[in-house]
Amino acid sequence: MPAQPTVPRMSLPAPSDPGPLIALDAIPQGLIVGSAAFNEGASPWNSLEDIAHAVAGCTLCPLYKTAKNPVPGTGNSNADFVVVGEAPGASEDEQGVPFVGAAGQLLTKILGAINLSRDDVFICNVLKHRPPGNRNPEPNEVHACSPYLVRQIELLRPKVLLALGTFAAQTLLQTRESIGKLRGRIHRYNGVPLVVTYHPAALLRNPSWKRPTWEDVQLARRILDRANPGTE
Ligand code: URA
């Protein structure tokens, strides 16, 4: 039997002293990218399945040559909560599903900590094919792949977006600001509130980011609850 990835015994419990909750309206507003009008009518893809099909046949950048499987995204096609990561790793490439390796298992726990299952949300990445050896995505790859992500968000029209890590945050928000500066604010991506937090892979390396991550995901959850009162 092949070795299973080692998943550190780390979950994301609420801190014993969560501190006072700041009113949502008092959270600093962040960057604003695009307008709520998106790009209506300009896309050839009318469903998430259309996008998955297009990704499976995509040759717009070289990554399709080295990847084993496309990883377009997974989850609830009516999700109000959308999670965006960087790019598939080895396990994701094997299975064609995002966030299934060690970082993915931590993501599942993080979502559980705010009472969301993977079936409640939609999970995807900026890049839909694995960069060889998990190297950083290159600008031409992001440029080629970004219409898929833009359209996924446009079709889903979630109530909140959670950007995991520097790369997803900087790509969606079209900025070079550091994650430390981007978190703790409510940004707007084409009208959708966007919260930034640490990537679970970074959290595995640096457990001191657990507490800020807890605060970030709680903020995302509160935005969702405010948009859907009575469903929490
Ligand atoms: N890291 C990511 O950013 N995405 C995945 O799907 C897996 C690991």
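The values are calculated or read from the model by the stated rules, or taken from the named source; none is laboratory data. Treat the numbers as computed from the prediction; the structure is a model and nothing was measured. All Cβ positions, even for glycine, are placed from backbone atoms using ideal geometry, and neighbour counts span all protein chains on display. Just the protein is used for accessible areas: all its heavy atoms, side chains included, with ligands, DNA and RNA removed. Shrake-Rupley method; radii C 1.70, N 1.55, O 1.52, S 1.80 Å.
Pairs are defined by a Cβ separation below 7 Å, a sequence spacing of at least 6 or placement on different chains, a first member in the stretch 179-191 that is within 13 Å of ILE27 (Cα to Cα), and a second member that is charged (D, E, K, R) and open to solvent by less than 20 Å² (accessible area, probe 1.4 Å); the pairs so defined are ARG183/ASP216.
Residue check: LEU182 meets all listed conditions (1) more than 13 Å from the ligand (Cβ to nearest atom); (2) among the hydrophobic types (A, V, I, L, M, F, W, C); (3) open to solvent by 10 Å² or more (accessible area, probe 1.4 Å); (4) closer than 14 Å to VAL196 by Cα but one, namely (3). Residues that are within 12 Å of the ligand (Cβ to nearest atom), open to solvent by less than 10 Å² (accessible area, probe 1.4 Å) and in contact with a strand residue (DSSP E or B) (Cβ under 7 Å, 6 or more places away or on another chain) within the stretch 192-209 comprise just one, PRO200. In the stretch 143-176, the residue that is farthest from the ligand (Cβ to nearest atom) out of those that are open to solvent by 30 Å² or more (accessible area, probe 1.4 Å) and on the phi > 0 side of the Ramachandran plot is ARG157.
Number of residues in the stretch 108-153 that are under 20 Å from ALA52 (Cβ atoms) and among the aliphatic types (A, V, I, L, M): the value is 9.
Residue pairs whose Cβ atoms lie under 6 Å apart, separated by 6 or more positions or on different chains, with the first residue in the stretch 87-112 and more than 10 Å from the ligand (Cβ to nearest atom) and the second at pLDDT below 95 and not in a helix (DSSP H, G or I), are GLN105/VAL7; LYS109/SER11; LYS109/LEU12; ILE110/LEU12.
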